[in-house]
Structures are given as structure tokens and as C-alpha cells.
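Below is one structure; the comments refer to it alone.
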Amino acid sequence: MSARRPLISGNWKMHLNHFEALQVVQKLSYLLAPDDLEDVDVSVHPPFTDLRTVQTAVETDRMPFAVGAQNCHWEDSGAFTGEVSPAMLAKLNIAYVIVGHSERRELFGETDEDVNGKVLAVHRHAMTPILCVGETLAEREAGTTETKVVRQVHAGLAGLSPEQVAGMVVAYEPIWAIGTGRTATPADAQAVCALVRATVGEVAGADAAVSVRVQYGGSVKAGNIAALMAEPDVDGALVGGASLDPEEFARIVRYRSEPAAS
Ligand code: 13P
């Protein structure tokens, strides 16, 4: 087993207004004891309109969570109506920014080049990108998973120093497993997460490959997290739907004591 500290992240997508988000984060804080967080990092990624509220609550009550964003622009300021600046996120003490989520790529046309610009921008402001990669069902069935994931990792990490890559998070999220209730088998998740790590090694060297944290995402639940986390190259999870329910998300964070689904 590696020395990499696991990271469990809750991506709330376009759910929960700021009142609801506050309740969820407060409940999560109440449900998790300090012991539960001794060996695992946790981040929550509310919608932009909730960030200030959640970040204030987390800091005031010293909740042991990092606050993350779901996206950002690659420029710091300018005439970009409706976009959110990475500099402004950094000012809010945002720790992690999800970049290149498949919903951004598929629904909003983000290219590998856009994603790389965002990764660079997040680093510029000393935040940590969670770079998302993953294949569609058609790509999996056509046998092109590896080609696509390798391309996305190469493109996403272009222009970074080995030290920057070493501190990053890459999330492998097979698109066919997102919100569908279908999860990659632990063996399939392991195979692609290992490929991600090997590709990081090609791009940034062996030290970066050992240090980079690779998450799995796609219908992660309390019942399947333990088996996924038991794989050597799975260092965490990027959780969508199940992170909206604080009871379920707390059980995911406590995966070491969760019984695996039969
Ligand atoms: P689900 O956990 O709802 O499948 O979503 C995964 C995801 O896209 C997290 O970013």
C-alpha cells in the first residue's frame, strides 16, 4: 500500500443552494469524528454561489474539510461574462479546483487545450487541480479507453514542472459510470488508475508518478468504496450523487470501517 494520503471529494455539481449547502456541511462535520479524518483528506465542492457561505462556516467552526470549486476560467480577470477567476477562488481559500470534468468537456465543449489552460491557472494561484479524465461507453466498447486517457493526461499536464505534477490529483471518471449506478469493477478502476500513474511518470518522471494522487469517480457509494480503495493505485474518490447526502458521504469517508457490498 502506498504512503499517499487518500482524498475523498464530494462534487455537488449544480445541486444545493447556499442554505442547503450550509446544512450539509454542518451535518457532515457533526457526523465525522476527528479519528475518522486522521488518515484521509476530505474536500467538498459546492456550486459557486455557495462557496463564500461554506468557506466561512468551515473556517469559523474549524471543520476539517477543504473547500473546493468545480471549475474556473484560465484568465485571472477580463471581459469574460459569467466566468469565474482562479484568482478570486484563491482569495476565498479554495484548496482544490476540479478541472475538465466530463460534464464540462461533453456538455460545454471544453477542449484538452482549455483544460490545460485551467490546470496552469489553478497552479498559478497555488491551488491544487483535480484533473478529470475518462472514456465514454462507446470508447470503452471500441477499445480506445487507454488511448483517450493517455491523451487527456498528456494534454492536461503540459507545461507543468515535475513538482507541480507531483502535488496534483487526477480523477479517473469513466463517463458511463457517472450518475448511472454502474461502477467500474475494482480491477477495471485499478487498471486505468495505474495507466494514469504510468502516464504521469512519462510526463513528469518517477517521483511525480509516486506522489500524484489518483481518484476514481463514477457511482461511488458507501457499499463499494472499500473495495475500490483497496486497489493499490486508487488513492481516493470523486463522489457525485452520494456526496449530497451527509450520512452516506460520512460513511464513504469512513470507508475503512464500511462493510463491502456483497
Ligand atoms: P456520481 O458519483 O453521481 O456518479 O458522479 C461522479 C462524478 O461525476 C463526480 O465528479
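The values are calculated or read from the model by the stated rules, or taken from the named source; none is laboratory data. From a predicted model like this one, the values you see are computed outputs, not experimental measurements. Glycine gets a Cβ as well: all are built from the backbone with ideal geometry, and neighbour counts include every protein chain shown. Note: areas computed on protein heavy atoms with side chains; ligands, DNA, RNA excluded. Shrake-Rupley method; radii C 1.70, N 1.55, O 1.52, S 1.80 Å.
In table form, for the structure just shown:
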{"quantity": "Solvent-accessible area of SER77 with every protein chain in place, 1.4 Å probe, in Å² to the nearest 10", "calculated": "90"}
{"quantity": "Chain lengthening between ASP39 and THR185 when straightened (0.36 nm per residue, less Cα-Cα)", "calculated": "50.1 nm"}
{"quantity": "Signed unit charges on C-beta, dipole axis of the chain, positive-most listed residue MET127, ALA187, GLN152", "calculated": "MET127"}
{"quantity": "Alpha carbon convex hull of the range 139-216, volume per residue in cubic angstrom", "calculated": "85"}
{"quantity": "Dipole magnitude of the chain about its Cα centre (Cβ charges: Lys, Arg +1; Asp, Glu -1), debye to nearest 20", "calculated": "200"}
{"quantity": "Kirkwood Rh, angstrom, the range 8-126 [1 / mean 1/r, Cα pairs]", "calculated": "15.0"}
{"quantity": "Within the accessible area of the range 32-120 (1.4 Å probe), percent carbon and sulfur", "calculated": "51"}
{"quantity": "1.4 Å probe accessible area per residue over the range 48-139, in Å²", "calculated": "46"}
{"quantity": "Mean Cα-pair separation over length for the chain, i.e. relative contact order, pairs under 8 Å, 6 or more apart, %", "calculated": "20"}
{"quantity": "Scattering curve values for the chain, log₁₀ I(q)/I(0), Debye with Cα scatterers, q = 0.15 Å⁻¹", "calculated": "-1.07"}
{"quantity": "Inter-site label distance for ASN17 and ASP76 at 7 Å from Cα along Cβ, in nm", "calculated": "3.5"}
{"quantity": "Over the chain: helical MRE at 222 nm, DSSP H runs n ≥ 4 each giving -39500 (n - 2.57), nearest 500", "calculated": "-12000 deg cm²/dmol"}
{"quantity": "Additional length obtainable on full extension of the chain from LEU31 to VAL84, 0.36 nm per residue less Cα span", "calculated": "15.9 nm"}
{"quantity": "Translational diffusion coefficient (Stokes-Einstein; Kirkwood radius from C-alpha pairs) of the range 171-262 at 10 °C, 1.306 mPa s, in µm²/s", "calculated": "119"}
{"quantity": "Calculated on alpha-carbon atoms, Rg and Dmax of the range 48-99 in Å", "calculated": "11.6, 36"}
{"quantity": "Gained length - THR53 relative to ARG4, 0.36 nm times residue gap less alpha-carbon distance", "calculated": "14.6 nm"}
{"quantity": "Amide H within-cut-off set for VAL97, under 5 Å, with H built and near neighbours excluded", "calculated": "ALA69, THR128, ILE130"}
{"quantity": "Given charges at Cβ of Lys, Arg, Asp, Glu: the range 200-262 dipole, positive-most of SER219, ALA237, VAL253", "calculated": "VAL253"}
{"quantity": "Under the span-like rule (Cα at least 24 Å along the axis, Kyte-Doolittle mean at least 0.5), DSSP H helices of the chain", "calculated": "186-204"}
{"quantity": "Per residue accessible area in Å² of the range 144-262, where ligands, DNA and RNA are left out and the probe is 1.4 Å", "calculated": "37"}
